[in-house]
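Single-structure report; data block below.
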C-alpha cells in the first residue's frame with residue numbers, strides 16, 4: 001500500500017512539474033508572439049518610411065531634371081543674347 005501511495009505521490013509531482021513546464025512554455029510562446037508582433041509593426045513602419053523616402057527621391061529627381069532643363073534654356077538665352085549683342089556691336093562699328 002505504501003508503494004502505491006509513493007507511486008501516486010511521485011506521479012502527482014511529475015504531473016505538477018509537467019503542468020509548470022507547460023505553463024512556462026505557454027508564457028514563453030505568448031512573449032515571443034508579442035515580440036514578433038512588435039517586430040512586424042516596426043517592419044511595416046520602416047517599409048512605409050522607405051516608400052516615402054523613395055517617393056521623395058523620385059520627386060527630387062524630377063525637380064532636379066526640371067531645374068536642369070530650365071538652366072539649359074536660360075544658358076542658351078544668355079548665349080543668344082551675347083551673340084546678338086556682339087552682332088549689334090559689330091554692326092554699330094561698321095556704320
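Just so you know, all these numbers are worked out from the coordinates, no wet-lab data involved. Computed from a predicted model, the values in this text were never measured in an experiment. Quick reminder, even Gly has a Cβ in these numbers, built from the backbone with ideal geometry, and neighbours come from all protein chains shown.
Under Stokes-Einstein, with the Kirkwood radius over Cα pairs as Rh, the value for the chain at 37 °C and 0.692 mPa s is 151 µm²/s. By the count of other C-beta atoms within 10 Å, a proxy for reagent exposure, 1, 50 are ordered fewest to most as 1, 50.
For the chain, the longest principal axis of the Cα atoms and the long axis of helix 2-94 meet at an angle of about 0 degrees.
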